[in-house]
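Values quoted throughout were computed directly from the atomic coordinates according to the rules given, and no laboratory measurement underlies them. Being a predicted model, the structure only gives us computed values, none of them experimental. Cβ coordinates were reconstructed from backbone atoms using ideal geometry, including for glycine residues, and neighbour counts include every protein chain displayed.
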Amino acid sequence: MKLCRLMRIIAPLLLVYGCDTGVLSFPTPEQAGVRIVNVTQNLPVLRITIDSATVLDENRGESSDYSMVAAGRPVTFTIGTINEILRDNLRYTLGGGGRVILFVRGDTTSLVEFRREIQDTVLPQNSTSSVIRFTHMAESVDKGYFLEVWVTGGSRLLPEEFEPGFSSVTYTGILPGTYSFEIREGGTANVLATLPNVKIDAARSYMLYTHDAEPPSIDIITLKIF
């Protein structure tokens with residue numbers, strides 16, 4: 001009888017202990033940063049809504065600042081204009097503390113979509129150098145289909161030759177200073193676009209990118225940086 005009474009006391013304690021030890025607690029990931037670049041063909045102002053909460057209106061050819069979003073779960077992106085939704089089924093799951101660049105392409109007669117997301121990088125504040133990358137987002141091109149990136153009056157900046165939609169595999173180191181960049185037709189000295197007097201500061205990451213002219217032309221592309 002005493003043993004039975006003892007078991008009636010111990011059994012609930014064992015049950016509570018078992019439940020507590022079986023619960024796994026996961027830390028909430030640090031928020032991620034998302035930057036949107038409007039390289040569409042014909043949307044003067046692109047509207048992106050993130051998780052029905054953050055609304056970004058970005059002019060064609062321009063880049064937004066970083067917006068902080070949830071990490072570790074799917075984040076929904078709605079793409080369109082101020083008056084019309086063109087895509088509402090894009091979802092990305094971002095890593096905690098990451099920074100992602102999303103180029104938005106297309107036009108109002110076809111699906112507007114992101115190219116492959118690009119992971120940005122953050123350098124230590126005491127870094128004496130910087131890094132740079134290039135993304136080719138001009139699509140209505142002929143001579144500009146394959147591109148090379150050069151420093152004006154200097155050497156070739158990046159070793160790759162870029163097709164539309166392609167980005168550098170990695171960031172390349174660049175020393176602080178003032179540079180003029182130019183885009184050349186692949187395998188030639190034919191300069192298709194220039195970006196003069198760009199000030200490069202220490203401890204920063206930079207993205208050079210092309211987009212189509214307005215209106216799109218097979219012979220004219222625009223070069224920008226952020």
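Ranking Pro159, His136, Tyr179 by how far each Cα lies toward the positive end of the dipole of region 122-226 (charges on Cβ) leaves Tyr179 at the top.
Histogrammed with a bin width of 10 Å, the alpha carbon distances of the chain distribute as 7, 27, 28, 17, 6, 5, 4, 3, 2, 0 percent, first bin at zero. Using alpha carbons only, how many degrees (0 to 90, rounded to 10) separate the axis of helix 2-21 from the longest principal axis of the chain? For helix 2-21, the angle is close to 10 degrees.
Most tightly packed first, judged by the mean number of other beta-carbon atoms within 10 Å of their residues, the peptides 72-84, 208-220 read 208-220, 72-84.
Expressed in Å, the radius of gyration and Dmax of the Cα atoms of region 40-83 are 11.2, 34. Counting Lys and Arg as +1 and Asp and Glu as -1 over every other residue whose Cβ lies under 10 Å from the Cβ of Ser63, the net charge comes to -1. By the helix-only formula, in which each DSSP H run with n ≥ 4 contributes -39500 (n - 2.57) and the sum is divided by residues, the chain has a 222 nm mean residue ellipticity of -3000 deg cm²/dmol.
Averaging the sequence gap over all C-alpha pairs within less than 8 Å and six or more residues apart, then dividing by the number of residues, gives the chain a relative contact order of 17 percent.
Computed across region 29-120, the Kirkwood radius stands at 13.0 Å (inverse of mean 1/r, all Cα pairs). Remark: spin-label model distance Thr188-Thr170 equals 3.2 nm, labels positioned 7 Å along the Cα→Cβ axis. For region 122-226, the Kirkwood estimate of hydrodynamic radius, built from reciprocal distances between every pair of different alpha carbons, is 13.9 Å.
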